[in-house]
1. Give Phe15, Phe50 a once-over and let me know the one that is aromatic (Phe, Trp, Tyr), under 20 Å from Thr80 (Cβ atoms) and open to solvent by 40 Å² or more (accessible area, probe 1.4 Å).
2. From Ala111, Ala124, which residue is under 30 Å from Thr11 (Cβ atoms) and touching an Asp or Glu at 6+ places or on another chain (Cβ under 6 Å)?
3. When you look at Gly44, is it assigned to a helix (DSSP H, G or I) and under 12 Å from the mean Cα position of the chain (by Cα), yes or no?
4. Are there any pairs, at least 6 apart or on different chains, whose C-beta atoms fall under 9 Å, with the first in region 76-98 and farther than 18 Å from Thr46 by Cβ and hydroxyl-bearing (Ser, Thr, Tyr) and the second assigned to a helix (DSSP H, G or I) and open to solvent by 30 Å² or more (accessible area, probe 1.4 Å), and if so, which?
5. Just to be sure before I move on: is Leu77 aliphatic (A, V, I, L, M) and farther than 30 Å from His10 by Cα in the structure I sent?
6. Can you tell me which residue among Ala88, Ala8, Ala113, Ala14 is within 24 Å of Arg135 (Cα to Cα) and within 16 Å of the chain's Cα centre (by Cα)?
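The values are calculated or read from the model by the stated rules, or taken from the named source; none is laboratory data. Just so we're clear, the structure is a prediction, and the values are computed from it rather than from any experiment. Glycine also receives a Cβ, built like all others from the backbone with ideal geometry; neighbour counts cover every protein chain displayed. For the accessible areas, the whole protein counts, side chains as well, though only heavy atoms, and no ligand, DNA or RNA atoms are used. Shrake-Rupley method; radii C 1.70, N 1.55, O 1.52, S 1.80 Å.
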Amino acid sequence: MTLSTSTATHTASAFAGRALLSSLFIVSGLGKAAAPAATLGYIGSTGMPFPTLALAAALLIELGFAAALLVGYRTRLVATVMAGFTLATALAFHNQFGDQNQLIHFLKNLAIAGGLLQVAAFGAGALSLDAYRSRRSAHA
């Protein structure tokens, strides 16, 4: 089977989009895992209750869900949860709009959530476990 240029571009773009989105979360999660005390201190400094629970949730999403997004596993659900997480972190941690840096981080999080919602709306694409699972069930 040969792919048309349009199909090949779509397939590669969908995978590249998932890889780029997930890379940000994976790097952030690895940083949190490497320095949990510093992360707990930052979470606590915002006044958020249950910093340990917040860190555990962040690690689950930033490492586990981002890995699922990367390989395209249950992508629509994963991307939806990650978009919600990204919006929540924007509101909780980047809400000092008088600070230009915080405003940029807030807007960056909104843009990332938008990208994740695109993935949620259109799915993982052909290079994904979702597509593989769909092809297998169609032939069963």
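1. Phe15
2. Just a single option satisfies the conditions, and that option is Ala124.
3. Here the answer is no, as Gly44 does not meet what is asked.
4. Thr80/Leu117
5. no
6. Ala14
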